[in-house]
1. All but one of (1) modelled with pLDDT of 95 or more; (2) not in a helix (DSSP H, G or I) hold for Y54; which doesn't?
2. Can you find, within segment 26-48, the residue that is nearest to L138 (Cα to Cα) among those that are surrounded by fewer than 24 Cβ atoms within 10 Å (Cβ to Cβ) and in contact with a Phe, Trp or Tyr (Cβ under 7 Å, 6 or more places away or on another chain)?
3. Mind listing whichever residues of segment 249-264 are farther than 23 Å from A300 by Cα and either in contact (Cβ under 8 Å) with a residue 60 or more places away in the chain or within 18 Å of the chain's Cα centre (by Cα) (or both)?
4. Consider S88 against the criteria (1) out of contact with any helix residue (DSSP H, G or I) (no Cβ under 7 Å at 6 or more places or on another chain); (2) closer than 18 Å to L60 by Cα: it satisfies all of them except one. Which criterion is unmet?
5. Within segment 159-179, track down each residue that is in a loop (DSSP other than H, G, I, E, B), crowded, with 17+ Cβ neighbours inside 10 Å and among the aliphatic types (A, V, I, L, M).
6. What number of residues within segment 226-248 are within 25 Å of A300 (Cα to Cα) and either touching a Cys at 6+ places or on another chain (Cβ under 6 Å) or hydrophobic (A, V, I, L, M, F, W, C) (or both)?
7. Which is aromatic (F, W, Y), modelled with pLDDT of 95 or more and under 24 Å from E426 (Cα atoms), of Y263, Y297?
8. Being farther than 25 Å from V311 by Cβ, assigned by TED's automatic domain parsing to the domain that holds L131, out of contact with any His (no Cβ under 7 Å at 6 or more places or on another chain) and not β-branched (V, I, T) narrows it down to one residue among R51, R87; which is it?
Amino acid sequence: MGKYFGTDGFRGEANRVLTAQHAFRIGRFLGNCFSTEDRPAKILIGKDTRRSSYMFEYALAAGITASGGDVYLLHVTTTPSVSYVVRSEDFDCGIMISASHNPFDDNGIKLIGGNGEKISGGMIEQLEQYLDAAEDSLPLATGVRIGRTVDYVVGRNRYIGYLISIAAHSFKDLKIGLDVANGSAWEMARAIFNALGARTFVIHNEPDGFNINRGCGATHIASLQALVKEKQLDMGFAFDGDGDRCIAVDEQGEVVNGDRILYILARYMKEQGMLPKNMVAATQMSNMGLAKSLEPYGIAVSETEVGDRFVYTRMVENGYTLGGEKTGHIILFKYATTGDGILTAIKLTEVMLERKKKFSELLEGYSEFPQLQINVRVYDKDRVIADPDVQAAAGAEADALGGRGRVILRRSGTEPVVRVLVEAPEMDICRAASGRITDAIDRKGYVDSGKEASSDGVF
């Protein structure tokens, strides 16, 4: 990870960590980088519903046009839609303004290359050097070379049409709940599922700039569970702020997280001959039960570092077609180059219809180890990870578990958070072990007392 850009872009509290000045200079860099003597840069921008997203959108657009590039605005849309439009319509790059599942006061800038993949490596290094430069050395466009801004909502509409075209079945007579997290998918998800014939029940679809992800969406699943049970729905799907995650709920109100989604899709795709090498890419945070549950079907799991970027890289390098994270980032490489929550929901619904089973029955044969993840908000996550006392506490718990479980201590790539994950034969053991590790972090004074630690539970 770089100084500014982590595993999922440049992210932080708006106008404290990530400022309008940063956005303007990022726009300046990209406009200059992709413009040539023969043609201006062609750059796509999408945003989520946070109040600050508008500020960053205008700052980026100003920087790009000042450097001679043309800006195409998708307005409020999902990250996967930006990826789709960039790669299908010959854009130089795309920008998504979002902090994904983070609270509203955070925001982020994700850069997507012309192939629909997240930009990393050399270009990010050059961009970070430019952001740190004392003076802006890039030339300003003048006269006819000054760029323009174009309303491009048609691109979002084409993406909606693309997702609708993927479905091979009518969803008629299905009752489906949708929690759109007051975020990017707030209009799009309902429109797509209605077009496919489903009877939709939508919650958290009144964004006001401040309520994105607040007690809702893929990280707060309880209200969707309640909706599914109250309305006796066939299933429910929850998305995050930028629409690249999906967590499902079956007809009984039980959570179907990313690991369980991978299990369902892997079994189906193997039967259809669509799972090359019978492999699935998943991160080290996935439950050990995923690999063990897939073994009887001749399917193996290739473990990666945490982050959908690492999952995607493993898939490309090895020709895999399915990968994802427990958090609900699911990559279906035949259709997309990034996680896509709505696409995942469509494919899960298709599997259920083809199997002629209830949603809960798709998990037959799946079992998992008790697992608990605690997210500790801290002042300096790098110091926490390097602290010998914290390392000793984590090591002691891992030694105590032996081969009966595992302990993972890692920094978040997108938040000021250290994640403590414990997997063990019993949940009480998970709670006790994770509690002793978090106590060690607290004793050293790292915990941000202004922010409460949160538990991801099964997510």
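The values are calculated or read from the model by the stated rules, or taken from the named source; none is laboratory data. Every value quoted in this text rests on a predicted model; they were computed, and no experiment measured them. Every residue, glycine as well, gets a Cβ built from its backbone with ideal geometry; the counts of neighbours run over all protein chains shown.
1. Tallying (1) modelled with pLDDT of 95 or more; (2) not in a helix (DSSP H, G or I), Y54 fails exactly one: (2).
2. Filtering segment 26-48 for residues that are surrounded by fewer than 24 Cβ atoms within 10 Å (Cβ to Cβ) and in contact with a Phe, Trp or Tyr (Cβ under 7 Å, 6 or more places away or on another chain), the one nearest to L138 (Cα to Cα) comes out as F29.
3. V249, D250, E251, Q252, E254, V255
4. That leaves (2) as the condition not met.
5. Within segment 159-179, A167, L174 meet the criteria.
6. Final tally of qualifying residues: 3.
7. Of Y263, Y297, the one residue that is aromatic (F, W, Y), modelled with pLDDT of 95 or more and under 24 Å from E426 (Cα atoms) is Y263.
8. Within the list R51, R87, the selection yields R51.
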